[in-house]
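Inspection log for the structure reproduced underneath, given as structure tokens.
Bear in mind these aren't lab numbers, they're just calculated from the coordinates by the rules spelled out. Only a predicted model underlies this, so the values are computations on that prediction, with no experimental measurement involved. For neighbour counting, all protein chains shown are included, and Cβ atoms are generated from backbone atoms with ideal geometry for every residue, glycine included.
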Amino acid sequence: MEDFEARYLEVMVGPDQIAAARALGPIHERQVFGRGIMLFDHADRGSLAALGEVRTPSLADLFVAVMGAQSAEAKGAAAVQGAAA
């Protein structure tokens, strides 16, 4: 669990910081009440803290992010295969 807490971070940023947070390469992003919540893998806590409120994500949030990324990759691969046919 210590590795999880050190590896994954979630930051809640205001609308004025969304572009800067996206530039750091989040693995997942969602919007809540006009604020962006971004999940990062192996990001610098200090860099994220300069953008907003940093916390350790829940296991459920991480699961949704990883499964969403895998689903997007699968759809992209299917589209490439369909275009090649």
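Worth a mention:
- Remark: the stretch 8-19, residue by residue, has Karplus-estimated 3J(HN,Hα) of 10, 9, 10, 10, 9, 10, x, x, 6, 10, 4, 4 Hz, where x stands for each Gly or Pro and the curve is 6.51 cos²θ - 1.76 cosθ + 1.60 at θ = phi - 60°.
- Ranked by how many other beta carbons lie within 10 Å on average, peptides 5-16, 52-63 from highest: 5-16, 52-63
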